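**Q** Before we start, here is the structure in question, set down as structure tokens.
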Amino acid sequence: MKHSSWIVNPSPHPEASMRLVCLPYAGGSAAVYRPWLRAFPSQVEVAAIQLPGRGGRFKESLYDQADELVNALFRDCQHYFAEKPLILFGHSMGAMLAYELALKLEQCLPGTLRHLIVSAFRGEQRPPSPKVRHLLSDLELREELKHLNGTPPELLHNQELMELFVPIIRADMKMCDTYRFDERVLHTGITAFGGVQDTEVSEAELEAWSKRTEGAYELKMYPGDHFFFQQDEQSFLQELNQIVERLHLHPV
């Protein structure tokens, strides 16, 4: 059954008893989670969120405010979210959006969310930064993307593709630059992941996620930079499988 253009789920498992819903990082699309679709047992159905402006939704208007995006996502997909217990995963900007969606789920669909997994995003409000990334020049933005090490070089060096990509990454970076944490605290547990060599998000900022939940909390650090999970994806997926299996048997 097709639920929404937000949901990318090419390998549905109707018999699954739980769903893992994944939200992409800034500039990313649902395609970044394609290798994950067959990495989990059949009782876990994996779906990725496709944000407007990318993939099959490239003609749709971009969002640059997190609350507006999450409200639209929840409005269009609430029946899907209500069908089975959920685990949310988000990397970088996706972690921010997953947290906002988790708050929405607890408020409007209590009992559906089993766990929140956040990766490479701070768990506390930062003071204003002199570097406002979404206002950088095109050249400065390209250098910022090189520094983050998550954009394929073939994209960075293709002028035509970059002209299509820059509005997307600017909107996403504005969403992150202007984001303010909600004061509410989740009842659902949180697992946070980070890269040991990540210069963008410190271990202390990741540890701050412990203040965002009244439930269980755990921090796991991996070798690598901001995109550590792609640098040893097989090992990372094995870790996620263990977490999902534990939650399947003992929800927290």
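The values are calculated or read from the model by the stated rules, or taken from the named source; none is laboratory data. Treat the numbers as computed from the prediction; the structure is a model and nothing was measured. Neighbour counts run over all protein chains shown; Cβ positions are idealised from the backbone, glycine included. Heads up: the accessible areas ignore ligands, DNA and RNA and are worked out on the full protein's heavy atoms, side chains in. Shrake-Rupley method; radii C 1.70, N 1.55, O 1.52, S 1.80 Å.
**Q** Output the residues belonging to the stretch 71-82 that are open to solvent by 10 Å² or more (accessible area, probe 1.4 Å) and touching a residue at least 24 places away in the same chain (Cβ under 8 Å). Full working, then the answer.
**A** Start the filter on the stretch 71-82 by keeping residues that are open to solvent by 10 Å² or more (accessible area, probe 1.4 Å), which leaves 71, 74-76, 78-79, 82.
Result: N71, F74, D76, Q78, H79, A82.
**Q** Between S5, S92, S29, S61, which is farther than 22 Å from I117 by Cβ, within 18 Å of the chain's Cα centre (by Cα) and open to solvent by 10 Å² or more (accessible area, probe 1.4 Å)? Let's see the steps before the verdict.
**A** Values: S92 fails: farther than 22 Å from I117 by Cβ; S29 fails: farther than 22 Å from I117 by Cβ; S61 fails: within 18 Å of the chain's Cα centre (by Cα).
Step by step, each of S5, S92, S29, S61 is checked, and only S5 is farther than 22 Å from I117 by Cβ, within 18 Å of the chain's Cα centre (by Cα) and open to solvent by 10 Å² or more (accessible area, probe 1.4 Å).
**Q** Taking P12 as the residue in question, decide whether it is assigned to a loop (DSSP other than H, G, I, E, B), in contact (Cβ under 8 Å) with a residue 40 or more places away in the chain and either over 13 Å from the mean Cα position of the chain (by Cα) or more than 23 Å from V118 (Cβ to Cβ) (or both).
**A** Details: assigned to a loop (DSSP other than H, G, I, E, B): yes; in contact (Cβ under 8 Å) with a residue 40 or more places away in the chain: no; either over 13 Å from the mean Cα position of the chain (by Cα) or more than 23 Å from V118 (Cβ to Cβ) (or both): yes.
Against the criterion (assigned to a loop (DSSP other than H, G, I, E, B), in contact (Cβ under 8 Å) with a residue 40 or more places away in the chain and either over 13 Å from the mean Cα position of the chain (by Cα) or more than 23 Å from V118 (Cβ to Cβ) (or both)), P12 does not qualify.
**Q** Still on this structure, please answer the following. Check off (1) open to solvent by 20 Å² or more (accessible area, probe 1.4 Å); (2) of a type outside the set (S, T, Y); (3) more than 20 Å from R212 (Cβ to Cβ) for D67 and give me the number that stays unchecked.
**A** Among (1) open to solvent by 20 Å² or more (accessible area, probe 1.4 Å); (2) of a type outside the set (S, T, Y); (3) more than 20 Å from R212 (Cβ to Cβ), D67 violates only (3).
**Q** In the stretch 203-227, which residue that is under 25 Å from R246 (Cβ atoms) and in a loop (DSSP other than H, G, I, E, B) is least open to solvent (accessible area, probe 1.4 Å)? Outline the logic, then answer.
**A** First, pick out the residues of the stretch 203-227 that are under 25 Å from R246 (Cβ atoms): 203, 206-224.
Applying the additional criterion that residues be in a loop (DSSP other than H, G, I, E, B) yields 214-216, 223-224.
Values: E214: 130, G215: 31, A216: 54, P223: 98, G224: 12 Å².
Top of the filtered list is G224.
**Q** Select, from P52, P14, P41, the only residue that is exposed (fewer than 13 other Cβ atoms within 10 Å of the Cβ) and within 26 Å of F229 (Cα to Cα).
**A** Details: P52 fails: exposed (fewer than 13 other Cβ atoms within 10 Å of the Cβ); P14 fails: within 26 Å of F229 (Cα to Cα).
Answer to the check: P41.
**Q** Taking N149 and the conditions (1) closer than 21 Å to V21 by Cβ; (2) in contact (Cβ under 8 Å) with a residue 40 or more places away in the chain, which numbered condition does it fall short on, given that it satisfies the others?
**A** So N149 meets the others, but not (1).
**Q** Now a separate question. Has the stretch 114-135 got at least one residue that is under 27 Å from V21 (Cα atoms), more than 16 Å from the chain's Cα centre (by Cα) and among the β-branched types (V, I, T)?
**A** For the stretch 114-135, residues under 27 Å from V21 (Cα atoms), more than 16 Å from the chain's Cα centre (by Cα) and among the β-branched types (V, I, T): absent.
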